[in-house]
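Before any comments, here is the structure.
Laboratory data are not the source of any read-out in this text; all were calculated from the coordinates shown. Small disclaimer: the values here were computed from a predicted structure and weren't measured. Don't worry about glycine lacking a Cβ; one is built from the backbone with ideal geometry, like all the others, and counts go over all protein chains shown.
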Amino acid sequence: MAILFFLMVASYAAGLLLPLCCPARPKIQNLVAHGSAAFGSLGGIGLGIVGLFGPDPLTMSVPSALPLLTFAVRLDALSSFFLLTISLIGLAASIYAVGYVTAWYGHISIALLGSLYNGFLLTMTLVTLADDGFFFLIAWELMSLVSYFLVVTEHEKADVRHAGLFYLIMTHVGTAFIILTFLLLFEGSGSFSFDAFRHPEQPLPDGIRTTVFVLALVGFGTKAGVVPLHVWLPYAHPAAPSHISALMSGVMIKTAIYALLRVYFDFFGGQFPWWWGFVVLVVGAVSALLGVMYALMEHDLKSLLAYHSVENIGIILLGIGAGMIFHSYGLDELAVLGVIAGLYHTINHAVFKALLFFGAGSLLYATHTRNMEEYGGLLRRMPWTGACFLIGAVSIAALPPTNGFVSEWLVFQSLFMSYQIPSLAMKLMLPIAAAMLALTGVLAMTCFAKAFGISFLALPRTSHAKHAQEVPWTMRIAMGVLSAVCLALGLAPMLAVPIIDRVAASMIGSSIADKMLALDGWALAPVNVEFSSLSTPALGLVLAATAALGLGLVACCGGTFPRRYSKTWACGLNLTSRMEYSAAGFVQPIKRVFSTIYQPTVKLETEFLEESRYFAKRRRFEFHIAPVFQTYFYDPVIAFMSGLADRMRIVQGGSLHLYLAYMFVTLVVLLLAAL
């Protein structure tokens, strides 16, 4: 452990410092920064594997001169799983970035970008390894600050500065709740050590435990992007460089999932009432449904992907919430099933969301725009990017034989197991959550049919799309690797489930891997094979055979008829890109069905010909979706705080005598309070 840990830290430290030592040499800065990050990620992958298969947790500790602070790290199954996830995506992002940042040579500091990138990866890994509350908070704050500076890479743009400020405020609001969480745990244990949190000197009262549950859910939920704390995601993720967006959406928000599991199952030992799990379940269901609904209305490809992060965090919480409910009723095997489903979707989402952000970054690299309305016909010009994006789209839409299908199927199975809960209310609520997940899945398929079809099919709608070219080979390699991982996790879940089962078993104390593997390991079953089972290898073979049969029939039949080429029939008109579906038109029916939630504002202006008012010369169409939570919650709060700040400006009189009077009054009050 020590060798791999120091290799990882040393590689990230080298990537943090060495690029700054090569001024005015962006190519060398690029290779040094991202090469070091790749080596660090390889060390993290090795460390994660060691921790997952090790018999006992591994610990290291270095005392500090500061009171209450110990630089302690602990590698157990839970931290190893998240470390492995972060390092896997970090490795792919490092390869991708070598080609991606070449577009910024001469425009931004590659040395600073590469240095911050290594710092970001290092702080995320330290968050998952920290075994001390004080050390955890330092790593968490550094992760937030470094990610802020990465978000505002193009700080000369006003919208990027606004996105960065919004993200910085929201992440520090969440941090305030996290600090309160650890202070309450410190109050009960007398130490910031995680081991003291697990074994406090005296158990926390029920009221304090409930307060910790709420504070942790709000604090870490802000970083995860659960509704209604998600408002920073559609601003920050599109503003950041695409490989940073992949890390933020793919793994940074998962550190919040790690922290919630650490608090609920590790610090509290899984001892909590049923309603805690129910709250997590409701938050997950609402986040999943609203996240995909708002994603459907987006035409900015990276904003669309950001909203889908809200959706998939909700799906993860559905599995974890179900596991918490089962555990509170003593159904530990079903609890493990729910947690396995949530953790499986955690790594699946990290892989396919990073892949999709890489695809979006490739389109931005080639066309210099994120607006899908300006794409079209890109599959012919960028076949590698199109094929990889299609695999990511199929994965996030939970279609077989990809990884998203397997993990969402497990979430469904855990929710359907509610018939074993003795509470009638829970028997009803979990299937309702499953119905919301089903609607979420349908909308996700619609959303990515739009994203892929509008972007890659039909004719180019702008000169940017018409002259687009395939991206550099390092970017293609990174997308190809993650595409292969999506297929591997979908076709071979029997290899992943036993590993994830070790993580869940370390928290709950029960293992179900043997019961989940059926047909000599070729099928998955949710504890009971008689209830349901799934064989993704067999399903993949059926799909491949069906596709091969169809292609064979086309080849045979096509060979017997002469080929004739002609223009596509368009009612006697020349076919143009103006005849294509637009992104706005594609989702028009859904916008009308859910108009109560969207509250759309539509503006249509028509200019008629002078000769006749029956013939239109020009039409202008504007469409706007009201961000409900921002409009009705955050904007009033911001307005109130701004007004309060304006009123408080009166204390800033500009007089030295007034400020001395403030100090005197404060000193008198403190002396009186000390008496």
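Here are a few things to note about the model shown:
- Entry note: segment 169-318 has Rg to Rh equal to 1.02, where both radii use alpha-carbon atoms and Rh is the Kirkwood radius.
- Annotation: the residues ASP300, ASP76, sorted from fewest to most other C-beta atoms within 10 Å of their own C-beta, follow the order ASP300, ASP76.
- Dmax and Rg, reported as Rg then Dmax, of segment 321-425 (C-alpha, Å): 18.9, 58
- For segment 270-364, the Kirkwood radius over C-alpha pairs fed into Stokes-Einstein at 4 °C and 1.567 mPa s yields D = 93 µm² per second.
- Expressed as a fraction of 2.2 N^0.38 Å, the value expected for a compact globular protein of N residues, the C-alpha radius of gyration of the chain is 1.02.
- Long-range HN-HN contacts of THR59 with modeled amide H, under 5 Å: LEU75
- Scoring 354-361, 392-399 by mean Cβ neighbours within 10 Å over their residues and listing the highest first yields 354-361, 392-399.
- Among CYS571, CYS388, CYS21, the ranking by other beta carbons within 10 Å of each residue's beta carbon, starting with the fewest, stands as CYS571, CYS21, CYS388.
- Where only DSSP H runs of four or more residues are counted, the chain gives -22000 deg cm²/dmol as its mean residue ellipticity at 222 nm, each run worth -39500 (n - 2.57).
- Members of LYS353/LYS466; LYS466/LYS617; LYS223/LYS603; LYS567/LYS591; LYS254/LYS603; LYS427/LYS515 lying beyond 30 Å, as alpha-carbon distances in this model show: LYS223/LYS603; LYS567/LYS591; LYS254/LYS603
- Across the chain, Cα pairs under 8 Å and at least six residues apart give a relative contact order of 11 percent.
- Dividing the convex hull volume of the alpha carbon atoms of segment 1-129 by its residue count gives 102 Å³ per residue.
- Converting the Cα gyration tensor eigenvalues of segment 581-628 into ellipsoid dimensions via √(5λ) gives semi-axes, longest first, of 28, 12, 8 Å.
- Using distinct alpha-carbon pairs, which all enter the 1/r mean, Kirkwood radius of segment 395-548 in Å: 18.3
- Rg/Rg_ref, segment 553-668, where Rg_ref = 2.2 N^0.38 Å and atoms are Cα: 2.35
- The convex hull drawn around the Cα atoms of segment 370-462, when projected onto a plane and averaged over every direction, covers 7.0 nm².
- Proportion of all alpha-carbon pairs of segment 85-195 beyond 20 Å (%): 52
- Residues ARG619, ARG198, ARG74, ranked from the fewest to the most other C-beta atoms within 10 Å, line up as ARG619, ARG198, ARG74.
- Computed from backbone phi with θ = phi - 60° and the Karplus coefficients 6.51, -1.76 and 1.60, the 3J(HN,Hα) list for segment 512-521 is 10, 4, 5, 7, 7, 8, 10, 6, 6, x Hz; x is used for glycine and proline.
- By the Kirkwood approach, averaging reciprocal distances over each pair of separate Cα atoms, segment 631-674 gets a hydrodynamic radius of 12.9 Å.
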